[in-house]
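Worksheet for the structure shown next.
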Amino acid sequence: MIDLSIVIPSLLEPYLDKTVEDIKRHAETDIEVLVGDDAVEKLGQRALTNKLVREAKGKYIMKCDAHVSFSQGFDKRMLEEIDDSTILAPLMGVLDPIGWTINGKKMVSRYGFDTNLIMQYLPETDDDETPCLQGSAFMMSKENYFKWGVDDESLGSWGQQAVQLGILAYLNGGRCRTTKKAYYGHVFRHSDADFPYDRGPNPGQFANSEMKRRYLNQSIAGLIEKHNYFCDWTPEIVHALPDVV
């Protein structure tokens, strides 16, 4: 019986094999790893991830990027904490892709979004709940993945998943959390030249515009208030948000 299905959508990823090997080496439960190659599928990241999740056999799925490394027993620790109202992520650090080592000096657990619905890192606290997640590794039930519309293809091929996770969890009575009992390292890309593929002009712009059209209103007021007006949010700005259409 599969405890966890780990899905990895990829496109010309140079660290894909290392990531798969890393997952299998550090997992301690019965997992399956499903990899999708969009150079072959040509579906776009959202549609490809949906395809992989539909094929998944586990009750819980974990989506991760194709350039990550996990702590020993990450799957077991997270499965011990996951529930059907939570999207759960491990602590995140920076992965050096050459040495395949994680820099543990600055581990991140809290994420928010500003008034333009752009993900931002928040100051670290003891609170394990977070307004949203970073998006490169998260676990949730397969049922909620589809019920909540995590990879809504009407948002385009990719983009804005970090913010979307927080908003969708909140609107469906759930929450985002980070566990400090598991961690991972992520290879960060800081410019278009760092990507192994052409992201096109204004990457993620359509998804951001559509997210603002759908959610930049009173529907997210409670989420912002719950987390005490993070980033550049203020009570005045939240009060001025339009009503839900």
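The values are calculated or read from the model by the stated rules, or taken from the named source; none is laboratory data. Every value quoted in this text rests on a predicted model; they were computed, and no experiment measured them. We place every Cβ from the backbone using ideal geometry, glycine too, and count neighbours over all the protein chains shown. Just so you know, the surface numbers come from the protein's heavy atoms only, side chains and all, with ligands and any DNA or RNA stripped out. Shrake-Rupley method; radii C 1.70, N 1.55, O 1.52, S 1.80 Å.
Is it the case that some residue within the stretch 65-76 is among the aliphatic types (A, V, I, L, M) and under 28 Å from GLU129 (Cα atoms)?
Going through the stretch 65-76, the residues among the aliphatic types (A, V, I, L, M) turn out to be 66, 68.
Among the residues that remain, those that are also under 28 Å from GLU129 (Cα atoms) are: 66, 68.
Yes: the stretch 65-76 contains one or more residues that are among the aliphatic types (A, V, I, L, M) and under 28 Å from GLU129 (Cα atoms).
What residue, of ILE87, ILE31, ILE118, ILE2, is closer than 29 Å to ASP152 by Cβ, open to solvent by less than 20 Å² (accessible area, probe 1.4 Å) and touching a residue at least 24 places away in the same chain (Cβ under 8 Å)? Just a single option satisfies the conditions, and that option is ILE87. State whether one or more residues within the stretch 183-204 are modelled with pLDDT of 95 or more and of a type in the set (Val, Ile, Thr). Checked the stretch 183-204: no residue is modelled with pLDDT of 95 or more and of a type in the set (Val, Ile, Thr). Of all residue pairs spaced 6 or more apart or on separate chains, those with beta-carbon atoms under 6 Å, a first member in the stretch 216-233 that is in a loop (DSSP other than H, G, I, E, B) and open to solvent by less than 50 Å² (accessible area, probe 1.4 Å) and a second member that is at pLDDT below 95 and not aromatic (Phe, Trp, Tyr) are ASN217/VAL244. Scanning the stretch 128-144 for residues that are part of a helix (DSSP H, G or I) and out of contact with any strand residue (DSSP E or B) (no Cβ under 6 Å at 6 or more places or on another chain) yields GLU143, ASN144. Filtered by the rule that a residue be loosely packed, with under 11 Cβ neighbours inside 10 Å, modelled with pLDDT of 95 or more and either among the β-branched types (Val, Ile, Thr) or under 30 Å from THR125 (Cβ atoms) (or both), the stretch 234-245 gives GLU236, HIS239, ALA240. Regarding THR101, is this residue under 17 Å from TYR183 (Cβ atoms), β-branched (Val, Ile, Thr) and open to solvent by less than 10 Å² (accessible area, probe 1.4 Å)? Considered against the rule, which asks whether it is under 17 Å from TYR183 (Cβ atoms), β-branched (Val, Ile, Thr) and open to solvent by less than 10 Å² (accessible area, probe 1.4 Å), THR101 comes out as no.
In the set (1) open to solvent by less than 50 Å² (accessible area, probe 1.4 Å); (2) more than 28 Å from GLY44 (Cα to Cα), the condition left unmet by GLY112 is number (2).
Inclusion of LEU168 among residues that are modelled with pLDDT under 95, open to solvent by less than 60 Å² (accessible area, probe 1.4 Å) and within 23 Å of ASP243 (Cα to Cα) is not warranted.
Take PRO131 and decide whether it is more than 23 Å from SER69 (Cα to Cα) and surrounded by 19 or more Cβ atoms within 10 Å (Cβ to Cβ).
On the way: more than 23 Å from SER69 (Cα to Cα): yes; surrounded by 19 or more Cβ atoms within 10 Å (Cβ to Cβ): yes.
Spelling it out, PRO131 is indeed more than 23 Å from SER69 (Cα to Cα) and surrounded by 19 or more Cβ atoms within 10 Å (Cβ to Cβ).
Collect the residues in the stretch 34-45 that are touching a Gly at 6+ places or on another chain (Cβ under 9 Å) and either open to solvent by less than 40 Å² (accessible area, probe 1.4 Å) or β-branched (Val, Ile, Thr) (or both), keeping them in residue-number order. I'd like the intermediate steps shown before the answer.
First, the residues of the stretch 34-45 that are touching a Gly at 6+ places or on another chain (Cβ under 9 Å): 38, 43-45.
Residues satisfying the conditions are ASP38, GLY44.
Within the stretch 52-66, track down each residue that is over 19 Å from ASP3 (Cα atoms) and open to solvent by 10 Å² or more (accessible area, probe 1.4 Å). Once the filter is applied, which keeps residues that are over 19 Å from ASP3 (Cα atoms) and open to solvent by 10 Å² or more (accessible area, probe 1.4 Å), the stretch 52-66 yields only ASP65. Go through the stretch 11-28 and report how many residues are over 15 Å from LEU95 (Cβ atoms), open to solvent by 60 Å² or more (accessible area, probe 1.4 Å) and in a loop (DSSP other than H, G, I, E, B). So the count comes out to 2.
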